[in-house]
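**Q** I have a structure here, written as structure tokens, and I will follow up with some questions on it.
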């Protein structure tokens with residue numbers, strides 16, 4: 001995924017927007033990795049834990065959905081003779097009870113009469129490579145109207161899929177429902193083949209934070225599931241997600257309700273401050289304050305982002321306090337806020353499929369996301385719920401059988 005370097009090299013350090021100096025990672029030089037420049041020795045040291053993963057990828061010790069196709073794992077359990085199902089990573093140290101259930105269904109197709117984004121065939125979002133990280137897209141009236149339309153479609157698709165959530169259905173079935181609903185609206189499901197993601201949307205169950213791959217796992221009474229829908233229509237992307245309770249047992253568990261409703265409230269509280277002039281770094285302060293008030297922690301690895309003609313673009317919108325995000329809200333900007341809130345520690349770990357991210361302690365996590373348009377005097381929630389949308393807030397149940405979660409921040 002290397003490209004011609006820009007005139008000014010940017011530091012590749014974690015959350016660093018400085019120009020790079022001549023300091024280059026020595027291991028990258030040995031491995032033939034180009035462009036690994038940093039602004040300072042301190043930035044290099046701070047970024048080391050994340051950066052060294054690139055060395056493993058190039059050395060063939062691991063792989064990533066961002067840099068390569070998902071490869072066949074080295075250790076694969078034998079399919080069950082009765083069902084044909086199997087866990088593709090039997091030797092992996094899972095942090096919680098959720099397991100992948102393979103085989104994955106065949107890649108779903110999109111007719112050519114539906115416009116495709118630039119990565120639909122190659123898997124690489126080329127247009128996102130050349131984005132200036134400090135320049136935010138401002139939509140004109142035509143662009144704003146196109147975003148309203150695609151986001152309305154996104155809400156319709158999410159509601160259709162959410163209506164199918166119940167014990168006994170598989171996440172692969174939900175993917176089929178999502179895919180067909182997108183096609184009915186002459187829309188391309190944005191996640192499909194984005195950096196080689198194999199499905200049409202993400203299904204993240206219980207301790208899965210995000211990027212769960214729909215498979216043959218059956219939903220159980222007591223689960224929670226995040227449905228993350230994105231679609232591409234008229235040259236623009238919509239992006240939204242919600243977490244839903246599966247069956248009555250989930251709604252009766254105090255800790256489960258606490259983390260789901262905390263995540264919902266975190267998003268609502270942050271959205272109240274969207275208006276021209278609000279700094280992007282302020283949303284994280286609001287979110288973490290409310291999460292801590294509910295004895296929950298905020299996942300730090302993933303953030304909200306600009307969305308419009310590109311699926312992911314500036315600005316970055318971190319969800320944790322005291323972050324150093326750049327920029328401020330301006331009329332015509334469209335972006336997401338999508339806090340991921342956990343019962344336990346905020347740290348995460350990724351499965352060998354190189355997509356599925358889970359909490360490091362296996363405790364439940366929940367997420368909610370909207371696409372927002374900044375207006376002259378406030379905000380428009382482009383993916384807002386309707387009166388008939390499935391889901392919605394659930395009251396806290398009796399704590400007689402509940403347990404206390406721990407704050408891992």
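The values are calculated or read from the model by the stated rules, or taken from the named source; none is laboratory data. The structure presented is a predicted model; accordingly, all values stated were derived computationally and were not measured. Heads up, the Cβs are rebuilt from the backbone with ideal geometry, glycines too, and the neighbour counts pull from every protein chain shown.
**Q** Please go through the range 391-409 and pick out each residue that is in contact with a strand residue (DSSP E or B) (Cβ under 7 Å, 6 or more places away or on another chain) and at pLDDT 95 or above.
**A** Scanning the range 391-409 gives 391, 394.
**Q** Also, I was wondering about something else. Looking at (1) closer than 27 Å to residue 11 by Cα; (2) outside the structural domain of residue 207 (by TED's automatic domain parsing); (3) touching a residue at least 12 places away in the same chain (Cβ under 8 Å), which is the one condition that is false for residue 118?
**A** It is condition (3) that residue 118 fails.
**Q** When only residues in the range 167-210 that are part of a loop (DSSP other than H, G, I, E, B) and within 17 Å of residue 244 (Cβ to Cβ) count, which is nearest to the chain's Cα centre (by Cα)?
**A** 201
**Q** For the range 259-276, name all the residues that are in contact with a strand residue (DSSP E or B) (Cβ under 7 Å, 6 or more places away or on another chain) and either closer than 22 Å to residue 374 by Cβ or in a loop (DSSP other than H, G, I, E, B) (or both).
**A** Within the range 259-276, 266, 267, 270, 271, 274, 275, 276 meet the criteria.
**Q** Determine which single condition residue 220 fails, assuming it passes every other condition in (1) closer than 29 Å to residue 105 by Cβ; (2) part of a helix (DSSP H, G or I).
**A** With (1) closer than 29 Å to residue 105 by Cβ; (2) part of a helix (DSSP H, G or I) applied to residue 220, the lone miss is (2).
**Q** Is the range 51-70 home to any residue that is surrounded by fewer than 11 Cβ atoms within 10 Å (Cβ to Cβ), modelled with pLDDT of 80 or more and at positive phi?
**A** no
**Q** Across the range 360-371, what is the number of residues that are in a strand (DSSP E or B) and closer than 19 Å to residue 253 by Cα?
**A** Residues meeting the conditions: 3.
**Q** Here's another thing I want to ask about it. Consider residue 155 carefully, then state whether it is at pLDDT below 95 and at negative phi.
**A** Here the answer is no, as residue 155 does not meet what is asked.
**Q** Being in the same structural domain as residue 374 (by TED's automatic domain parsing), more than 23 Å from residue 382 (Cβ to Cβ) and out of contact with any helix residue (DSSP H, G or I) (no Cβ under 6 Å at 6 or more places or on another chain) is true for just one of 159, 175. Which residue is that?
**A** Of 159, 175, the one residue that is in the same structural domain as residue 374 (by TED's automatic domain parsing), more than 23 Å from residue 382 (Cβ to Cβ) and out of contact with any helix residue (DSSP H, G or I) (no Cβ under 6 Å at 6 or more places or on another chain) is 175.
Yes or no, residue by residue, for (1) surrounded by fewer than 22 Cβ atoms within 10 Å (Cβ to Cβ); (2) under 20 Å from residue 360 (Cβ atoms); (3) in contact (Cβ under 8 Å) with a residue 40 or more places away in the chain:
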| residue | (1), (2), (3) |
| --- | --- |
| 276 | yes, no, yes |
| 290 | yes, no, no |
| 293 | yes, no, no |
| 299 | no, yes, yes |
| 326 | yes, no, yes |
| 329 | no, no, yes |
| 333 | no, no, yes |
| 337 | no, no, yes |
| 341 | no, yes, yes |
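**Q** Select from the range 99-139 the residues that are surrounded by 14 or more Cβ atoms within 10 Å (Cβ to Cβ) and not in a loop (DSSP other than H, G, I, E, B) and write down the one among them that is modelled with the highest pLDDT.
**A** Filtering the range 99-139 for residues that are surrounded by 14 or more Cβ atoms within 10 Å (Cβ to Cβ) and not in a loop (DSSP other than H, G, I, E, B), the one modelled with the highest pLDDT comes out as 102.
**Q** Restricting to strands (runs of 3 or more DSSP E) lying wholly in the range 277-358: which have 2 or more residues that are outside the structural domain of residue 18 (by TED's automatic domain parsing) and more than 23 Å from residue 227 (Cβ to Cβ)?
**A** Because the criterion is at least 2 residues that are outside the structural domain of residue 18 (by TED's automatic domain parsing) and more than 23 Å from residue 227 (Cβ to Cβ), the strands (runs of 3 or more DSSP E) in the range 277-358 that meet it are 313-317.
**Q** How about the range 229-256: which of its residues are out of contact with any strand residue (DSSP E or B) (no Cβ under 8 Å at 6 or more places or on another chain) and either free of Cβ contacts under 8 Å to residues at least 60 places away in the same chain or within 18 Å of residue 291 (Cα to Cα) (or both)?
**A** 248, 249, 254, 255
Yes/no matrix, rows are residues, columns are (1) out of contact with any strand residue (DSSP E or B) (no Cβ under 9 Å at 6 or more places or on another chain); (2) closer than 16 Å to residue 307 by Cβ:
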position	(1), (2)
92	yes, no
97	yes, no
102	no, no
111	yes, no
116	no, no
135	no, yes
149	no, yes
160	yes, no
